[in-house]
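In what follows, a single structure is set out as structure tokens and then discussed.
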Amino acid sequence: MESLSGAHFSGWHPSSTSSSSSQNIFVIGVSGGTASGKTTVCDMIIQQLQDHRVVLVNQDSFYRGLTNDESKHVHEYNFDHPDAFDTEQLVETLTKLKSGQSVQVPIYDFNLHQRASDRYRQVNASEVIILEGILVFHEQRVRDMMNMKIFVDADPDVRLSRRIKRDTVERGRDVHSVLEQYAKFVKPAFDDFILPSKKYADVIIPRGGDNHVAIDLIVQHIRTKLGQHNLCKIYPNLNVIQSTFQIRGMHTLIRDREISKHDFIFYSDRLIRLVVEHGLGYLPFTEKQVITPTGSIYIGVDFCKKLCGVSVIRSGESMENALRACCKGIKIGKILIHREGDETQLIYEKLPKDISERHVLLMDPVLGTGNSASQAIELLIKKGVPESRIIFLNLVSAPEGIDCVCKRFPQLKVVTSEIEEGLNEQIHVVPGLGEFGDRYFGTDDL
């Protein structure tokens, strides 16, 4: 997907981790060539967030101190090569931050080419860590700890002019030595190490700090992650699918009131399919061994067989096709609840006779106040379905609805693709999707 103003987005591959604390820490890597605007982009993100839960760590802090011999021939030393950095300490530092520990980051003197022996920068554990540097994508161990990877792109001539200005003004060097170093070390290192790492980026920002549209989009995404983390910490039974810019893009489309009915259905179906697939991942499984076409043994898993879906009429019916596509021949029941304000009334229910023996995927695209969902869940429990066997699937959830459902039914799982800002005075979810059923089934003009 290509976003506005030339910011390019590709598949996002979040690192998996078994630590619950590390799952709540969001690591952003920001890379790019020398003087491409990486620091400016990071500063703008932090300034817009104005949040103490965000910290910046610079790869430059992890330069190795030069030996006496290297110092004597400093003009022959390549500061843009991966070997110039203490990667082991960087990995150790990032690992500690991801596990919720505070760390002491070295302070590097660019005039003496040494680390300060008696001073460190204290970095406390934070929910968002921004790691910035020319080679932060080069080492796979570092990449694997990142949830988002941003590559800041800039014209080579612009980067060179910025490099000359920085090194002469801030680091006391003359123009001739800067140009000589650039030609001998900086440009070859960019071609050999930095530019190839661009392929790992999830987001590519042309023009660096001048690209306000891309930076605003990133800031909005981080704000969403911070809000989701808070609720996920409170309710372990709340599961928000890993956000990507593909998912954010589809949410942008279906929330647009000007979108055509055809496109609304198409992108809603794509999002629903992702939610359903994610929800199925919480079902129990058994180990299964099969023989592959090569005659080899493959040890995998077998899907849960005792399963059914239940849709809350009528918007919940929009999720049925995705469930059928994932689970061939699955039984689907129906529940109709009339809602007026905070009051709800059960009007109709048609459920499989053996539903008490099954795991149930309860489907409703929007979780608002949580009142209708609670009544549907109570009905399933009365029918003999254990609370722990119910998975509630929806596209968007208001915090008020999450509080209502997750607190009342702590053993049930809620799976959603995005958490909303909340409910307005009319008890509508905002920013919301509008009346989802009407938009999906084309009755919004009736």
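The values are calculated or read from the model by the stated rules, or taken from the named source; none is laboratory data. Because the structure is predicted, anything quoted here is derived from the model rather than measured. Here the Cβ is made from the backbone with ideal geometry for all residues, glycine too, and neighbour counts use every protein chain on show.
Some points to look at:
- With a requirement of 3 or more residues that are of a type in the set (S, T, N, Q), none of the strands (runs of 3 or more DSSP E) lying completely within region 268-358 satisfies it.
- Selection from region 138-162 of residues that are in a helix (DSSP H, G or I) and among the charged types (D, E, K, R): Arg141, Arg143, Asp157, Arg159, Arg162
- Complete set of residues in region 111-137 that are farther than 25 Å from Leu179 by Cβ and either β-branched (Val, Ile, Thr) or part of a loop (DSSP other than H, G, I, E, B) (or both): Val123, Asn124, Ala125, Ser126, Glu127, Val128, Ile129, Ile130, Val136, Phe137
- Among the residues of region 411-429, the ones that are in contact (Cβ under 8 Å) with a residue 12 or more places away in the chain and either farther than 9 Å from Ala398 by Cβ or more than 21 Å from the chain's Cα centre (by Cα) (or both) come to 12 in all.
- Sole exception among (1) surrounded by 15 or more Cβ atoms within 10 Å (Cβ to Cβ); (2) among the basic types (Lys, Arg); (3) more than 19 Å from Leu49 (Cα to Cα); (4) touching a strand residue (DSSP E or B) at 6+ places or on another chain (Cβ under 8 Å) for Lys187, by number: (4)
- Taking the criterion of being in a helix (DSSP H, G or I), among the hydrophobic types (A, V, I, L, M, F, W, C) and surrounded by 15 or more Cβ atoms within 10 Å (Cβ to Cβ), the only residue of region 53-79 that qualifies is Phe62.
- Evaluated against (1) in a helix (DSSP H, G or I); (2) touching a strand residue (DSSP E or B) at 6+ places or on another chain (Cβ under 7 Å); (3) modelled with pLDDT of 95 or more, Ile381 falls short on exactly one condition, (2).
- The residue that is nearest to Thr39 (Cα to Cα), among those in region 163-179 that are over 37 Å from the mean Cα position of the chain (by Cα) and in a loop (DSSP other than H, G, I, E, B), is Arg171.
- Among the residues making up region 407-442, those that are surrounded by fewer than 23 Cβ atoms within 10 Å (Cβ to Cβ) and assigned to a helix (DSSP H, G or I) are Lys407, Arg408, Gly437, Asp438, Arg439, Phe441.
- Unmet requirement for Tyr182, which otherwise passes all of (1) surrounded by fewer than 19 Cβ atoms within 10 Å (Cβ to Cβ); (2) assigned to a helix (DSSP H, G or I): (1)
- Which listed residue is touching a helix residue (DSSP H, G or I) at 6+ places or on another chain (Cβ under 8 Å), under 30 Å from Lys350 (Cβ atoms), in contact (Cβ under 8 Å) with a residue 40 or more places away in the chain and not basic (Lys, Arg), from Ile218, Ile272: Ile272
- Residue match in region 80-97 (condition: part of a helix (DSSP H, G or I), basic (Lys, Arg) and touching a Gly at 6+ places or on another chain (Cβ under 9 Å)): no
- Unique residue being within 21 Å of the chain's Cα centre (by Cα), closer than 26 Å to Ile164 by Cβ, assigned to a helix (DSSP H, G or I) and not aliphatic (A, V, I, L, M) when the list is Lys225, Lys187, Lys198, Lys233: Lys198
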